[in-house]
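Take a look at the structure set out below.
Every number here is computed from the coordinates shown, using simple stated rules; none is lab data. This is a predicted model, so every value here is computed, not measured. FYI the Cβ positions are ideal-geometry reconstructions off the backbone, even for glycines, and counts take in every protein chain you see.
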Amino acid sequence: MFCRRSLLLSCGISLFMNHVSHSSAASAASPDSRITHVAKGASPISIRPPGRNVLTFLGYSGAGYQSEAAMLANAAEVLDKHDPARTTVNIGATADGIGAVYRLARSRGFPTMGVVSSQAVESKAAWSPHVERIYVIEDSTWGGKIDGKLSPTSAAMVAVSDEIVAIGGGEIARDELMAAQAEGKRCRYIPAESNHEIARQKARKAGKPVPENFGSVLGANAWESP
């Protein structure tokens, strides 16, 4: 009798642990409800929040900023000129670099969204906890121009935006800002240096000369258009 009870108890514990294990695995594998995968060839206009102005921030991501405080001060000055009741802030969904603006935007009541390449999903990039909607664009690149044409991600970034502000930034930011300017969209560039130590470490790891210039490819002078 005792053996039978022990066996039943053991089976019960085993089944319970098995259930817990499966539940935990299912929970860990649960998709992020913020993410929408945009079908290849779909119009990027479909992801625009209806009836709202989309303000997009471009800049460094993994390269970071030499002065994040200065970058955030510049972003704050831009946000001061916009109404959270009418404007949605869009960036590249991840937490790095310019992604720090998400937290600032949410603290001021701005809704947030992000447009990002599927490469970010494949590389298991860390999403900002302050981005509310994430639109993943099927793309074999991270963005920028390919053979003189914007990649799907960059094309979507420009298409959904009413206004684009670049604070520093590399080649992808440059390509997107220039494309938006060519379309007559309101654009602004604010110079900023990438993080010096991150740049040095990246160069050493790649066996390249340590850089001496940490400025943006967009230049050293601020401008806005129109």
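Can you pull out every residue in the stretch 128-159 that is touching a helix residue (DSSP H, G or I) at 6+ places or on another chain (Cβ under 6 Å) and aliphatic (A, V, I, L, M)? If the condition is that a residue be touching a helix residue (DSSP H, G or I) at 6+ places or on another chain (Cβ under 6 Å) and aliphatic (A, V, I, L, M), then V131, V136, I137, L150, A156, M157, V158, A159 are the ones that fit.
For the stretch 34-48, filtered to residues that are under 14 Å from A93 (Cβ atoms) and of a type outside the set (A, V, I, L, M), the residue that is surrounded by the most Cβ atoms within 10 Å (Cβ to Cβ) is R34. Checked against the criteria, A179 does not count as closer than 23 Å to R48 by Cβ, buried (at least 18 other Cβ atoms within 10 Å of the Cβ) and in contact (Cβ under 8 Å) with a residue 40 or more places away in the chain.
In the stretch 61-112, the residue that is nearest to the chain's Cα centre (by Cα) out of those that are touching a residue at least 40 places away in the same chain (Cβ under 8 Å) and part of a strand (DSSP E or B) is I91. Of all residues assigned to the stretch 205-217, at least one qualifies as being more than 26 Å from T141 (Cβ to Cβ) and either within 20 Å of the chain's Cα centre (by Cα) or of a type in the set (A, V, I, L, M, F, W, C) (or both). Residues in the stretch 113-155 that are on the phi < 0 side of the Ramachandran plot, buried (at least 21 other Cβ atoms within 10 Å of the Cβ), in contact with a Gly (Cβ under 9 Å, 6 or more places away or on another chain) and not in a strand (DSSP E or B): A120, S128, V131, S151, P152, T153, S154.
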